[in-house]
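The values are calculated or read from the model by the stated rules, or taken from the named source; none is laboratory data. Since we're looking at a predicted model, the values are computed, not measured. Cβ coordinates were reconstructed from backbone atoms using ideal geometry, including for glycine residues, and neighbour counts include every protein chain displayed. To get the accessible areas, we keep the full protein, side chains included, count just its heavy atoms, and leave off ligands, DNA and RNA. Shrake-Rupley method; radii C 1.70, N 1.55, O 1.52, S 1.80 Å.
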Amino acid sequence: MATPIKLFFTVVAFWVCAYTTAQRYEVTPCPRQLVRGEVEGETVVCGTLSVPELHSKRFGKRLELAVLTLKARSTSPLPDPILFLQGGPGGAALETIDYWRDLPWRETRDIILVDQRGTGYSEPDLACTELYEMEDLLEAVQACRVRLSRVTNLQAYNSYENAADIALVTKALGYEEINLYGVSYGTRLALTVMRDSPERIRSVVLDSTYPPQVERLIETEVNFYEMLQRLFSDCEANESCNAAYPDLEQDFVETLERLEDIPASVWSDSLFISGSDFLGVYFQAMYDEGILSSVPFSMQKLSESDYSDSLLLLSGIAEPDDLDNSVVLFARFVQTIIEIIQNLWRDVQAEGVFFSTECQEDVTFQRREEVEAALEELPDIFQTAALDQADFMFDICGIWRVQRSRAVENQAVSSDIPTLVLAGRYDPVTNTKWGELAASTLPNSFFYAFPNAAHGVFLSGDCPVNIVQAFLDNPATEPDSSCIDNIEMEFYVPE
């Protein structure tokens, strides 16, 4: 019979072996269809990694992360890949594969896409299908919470646990160093990794930054209003834009306030859209830099009661020239496209992850009175829209019932890791102020704002892509940013 001391060491060895085995990355068939030109097992390798649900309980329940690696095109790739951190919270990184196909960064580096815990093809999936199936949204949130809490601990979906996952992914894939690229919430996650697990990080790119010290619920509508003020000012300063839309701001705000009193019927008698609804559509549409040039034209259409045309422009379904030349798009076609977009959104967004993370790390740190006070200087329609959204989030968090995160999750991150911070001048949510705020506690950082960019700066053209490339080549040296001087924002003006 084994002595107690031998038995003790045998048990310890068993658990150490079991834990080490559980961390092993396993190559698996790709869970999604690949884009044209990609070959599974050659240009793309997929796999899964088992991670603790709670990293403080390493031998407890486990989650499965889906990982997809886009192999560098070079026959002698550099040893430090780019690991992409998707936004949300709750966005699915594997659904962004098409973005990376033509980027020059892939010529020499592998690009790693990880569906963060609870998102995309990782398991469990915290998508709230009830939101699309039930009429009452708060009842749908409650139903989703009841269902998901039976299969996982909702408290485990936050930036701290998420960052610990990313550290394990890096180690399991065997890379000595990596470059993190975060967009939107992915920047908050990147900052958390920089704070908690900096050992293998060579450099970081923060694109459309959401730093942990900001108060999103309080600041978002103020940021949006300031961005619109920038748009109105830029249009007024441009001779042709000002001539085409001479009273743009006044007409826009007055139209929204009128629609708040009497909502507009759009496409059918069963669909009515209020002024705050339209404001929400503008907020979402302006994430896309491709729509920015059409925004003043859509505002003019809105003020002329051409609600359908305004929505077509904001959705990106119609180009300004289509409407200017009276190209007819049938309502049924539009509704079909919207249904397709909604179905796609279901696949790429895990609402349960959003609720868990935002309720823990943002909403529970704020009060309604603070939101109300921050909005006092804004027009009434903006206050109405913001307070409606804030009340909805407070109600959701009351239903979701997760505890407030540690205080450190709401504080600035300081790090000497070389960091490139990118901001879009027309970003409606993560504006230039947030980028500058994050950079202020990162002494080895470079900050750039792009005149034509919105949310996700790398999508706005060759200039940010080339700056990122130069930074990755030598993170310690400030990249040449002279291309920014040649960028101008051109608004569409009808003939």
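Quick notes
- Amide H partners (placed H, <5 Å) of Ser445, local residues excluded: Thr419
- Among the protein heavy atoms, those of Asp416 account for about 110 Å² of accessible surface (1.4 Å probe, every chain in place).
- Of the residues Gln142, Tyr121, Ala172, the one whose Cα sits farthest toward the positive end of the charge dipole of segment 112-206, with +1 on the Cβ of Lys and Arg and -1 on the Cβ of Asp and Glu, is Ala172.
- Charge dipole (Cα centre; +1 on Lys/Arg Cβ, -1 on Asp/Glu Cβ; no other charges) of the chain amounts to roughly 3540 debye.
- Counting only protein heavy atoms and using a 1.4 Å probe, the accessible area of Leu34 comes to about 40 Å².
- Over all other residues within a Cβ to Cβ distance under 11 Å of Ala453, the charged ones net out to -3, with Lys and Arg as +1 and Asp and Glu as -1.
- Estimated dipole of segment 65-165 in Debye, rounded to 20 [Cβ of Lys and Arg +1, of Asp and Glu -1, Cα centre]: 420
- Most tightly packed first, judged by the mean number of other beta-carbon atoms within 10 Å of their residues, the peptides 117-128, 458-469, 201-212 read 201-212, 117-128, 458-469.
- Per-residue ellipticity at 222 nm computed for the chain from its helices equals -13500 deg cm²/dmol, with DSSP H segments shorter than 4 residues left out and the rest contributing -39,500 (n - 2.57).
- Within straight-line reach of Lys57, meaning a Cα separation under 16 Å, sit the following aspartates and glutamates at least 8 residues removed in sequence or on another chain: Glu161, Asp165.
- Kirkwood Rh and Cα Rg combined as Rg over Rh, evaluated for segment 203-255: 1.16
- Extending 7 Å from the Cα toward the beta-carbon at both Asp480 and Ser76 defines two label points whose distance is 2.5 nm.
- Largest accessible area first, the listed residues Tyr99, Tyr25 line up as Tyr99, Tyr25 when surface is computed with a 1.4 Å probe on the assembled protein chains.
- Accessible area of the chain divided out per residue, in Å², using a probe of 1.4 angstrom: 45
- Pro443 sits among other residues whose Cβ lies under 15 Å from its own Cβ, and their net charge, with Lys and Arg +1 and Asp and Glu -1, is -2.
- For segment 131-279, share of DSSP beta bridges that run antiparallel, in % to the nearest 5: 20
- Accessible-area value, Tyr225, 1.4 Å probe, nucleic acids and ligands omitted, Å²: 40
- Share of carbon and sulfur in the accessible area of the chain stands at 51%, probe radius 1.4 Å.
- Span from the segment 244-285 Cα centroid across to the segment 61-120 one, whole angstrom: 39
- Acute angle (nearest 10 degrees) that the helix 351-361 long axis makes with the longest principal axis of the chain, alpha-carbon atoms: 80
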